[in-house]
Amino acid sequence: MFSGSIPALVTPFRDGAFDEPAFRRLIDWQIENGSSGLVACGTTGEASTISTDEHHRVIRACVEQAAGRVPVIAGCGSNDTAHALMHLRFCERVGVTAGLCVAPYYNRPGQAGLIAHFSHLAENSALPIVLYNVPARTVTDILDETVVELVRRYPTRIIAIKDASGDLSRVADHRMGLDDRFCQLSGNDELWLPHAAAGGMGCISVTANVAPRLCAEFHTAIAANDLVKARALNDRLFPLHYAMFSDASPAPVKYALSRVHDWVRPEVRLPLVECSPAARAAVDAALASAGVL
């Protein structure tokens, strides 16, 4: 169902409010430049600091603007199972393709709790689920055996994983326990190439916000087994991957977008602040190196 370069979209703000016109322009630009899907209201979309009403407004705008041209994955995760289910049911009503469900954070459930959480979501919503494992942010880690157990229980409900664990061995571990129909997506731009070599189908990418065509071309080279071209593009993109995290994300990528498009502002919401002068310099240098500016 999913493959290729899938940007984890920023949520543009203007004077503190959701900038819907800029968001819709960003979606069109992404699709025109080869992005094969869109993620709204993920970590990069600042889902942790937008209200539920804003969250749903962003998702609805994404579905409307994409207009069926590419699939839309929407952030539905929460540390509260009932709240996550509410998001899934809303997304099902408005035509989202799948819900991105992060491991519950802060309350740190064990593996039995994770199985109970995701089982409840799968049993009470018809929307397909993309698991999102990012233990550096959640502390809780969705272990390989837990992923396998969940997918075996709900093969038509739990269809993919965004793996931001940083552990490339998990791609093979998941493949050994499941068949190739389970879609594995990298959650780390800098690991996209080895993740794909191990069996991944694409990347939910921060860098693709600002370099969608390069990221799409990179995936095309990987899919064609053109390792020479893939390596060359990877080298070109690599400084940009790291620059996107030269300060608290998504401040660097929002600054980068403001350099590429004058209709995107670098605004973030507290407790995040706009990126530091050092981070701006790193972003500027990486944009120039990649040929984006």
Filter the range 201-223 for residues that are touching a strand residue (DSSP E or B) at 6+ places or on another chain (Cβ under 8 Å) and part of a loop (DSSP other than H, G, I, E, B); the one that is surrounded by the most Cβ atoms within 10 Å (Cβ to Cβ) is VAL206
Based on what the data block shows, is ALA103 buried (at least 18 other Cβ atoms within 10 Å of the Cβ), under 19 Å from the mean Cα position of the chain (by Cα) and within 24 Å of SER169 (Cβ to Cβ)?
-> yes
Run down ALA230, ALA243, ALA256 and say which single residue is touching a helix residue (DSSP H, G or I) at 6+ places or on another chain (Cβ under 8 Å), under 15 Å from ASN188 (Cα atoms) and surrounded by 21 or more Cβ atoms within 10 Å (Cβ to Cβ).
-> ALA243
May I ask you to verify whether LEU131 is more than 16 Å from the chain's Cα centre (by Cα) and either buried (at least 16 other Cβ atoms within 10 Å of the Cβ) or part of a helix (DSSP H, G or I) (or both)?
-> no
Name the one entry in SER78, SER36 that is small (Gly, Ala, Ser), in contact (Cβ under 8 Å) with a residue 12 or more places away in the chain and under 15 Å from ILE204 (Cβ atoms).
-> SER36
Take the residues of the range 144-200 that are in a helix (DSSP H, G or I) and among the basic types (Lys, Arg): which is surrounded by the fewest Cβ atoms within 10 Å (Cβ to Cβ)?
-> ARG152
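Tell me the residue from GLY75, GLY68 that is surrounded by fewer than 17 Cβ atoms within 10 Å (Cβ to Cβ), within 28 Å of ILE31 (Cα to Cα) and under 20 Å from the mean Cα position of the chain (by Cα), please.
Among GLY75, GLY68, only GLY68 is surrounded by fewer than 17 Cβ atoms within 10 Å (Cβ to Cβ), within 28 Å of ILE31 (Cα to Cα) and under 20 Å from the mean Cα position of the chain (by Cα).
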How many residues of the range 19-57 are in contact with a Gly (Cβ under 7 Å, 6 or more places away or on another chain) and part of a helix (DSSP H, G or I)? The answer is 1
Qualifying position, being of a type in the set (Asp, Glu) and either touching a Leu at 6+ places or on another chain (Cβ under 9 Å) or closer than 25 Å to ASN133 by Cα (or both), among ASP226, ASP180 | ASP180
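A short reminder: the numbers here are calculations on the coordinates, not readings from a lab. Small disclaimer: the values here were computed from a predicted structure and weren't measured. Virtual Cβ from ideal backbone geometry, glycine too; neighbours counted across all protein chains shown.
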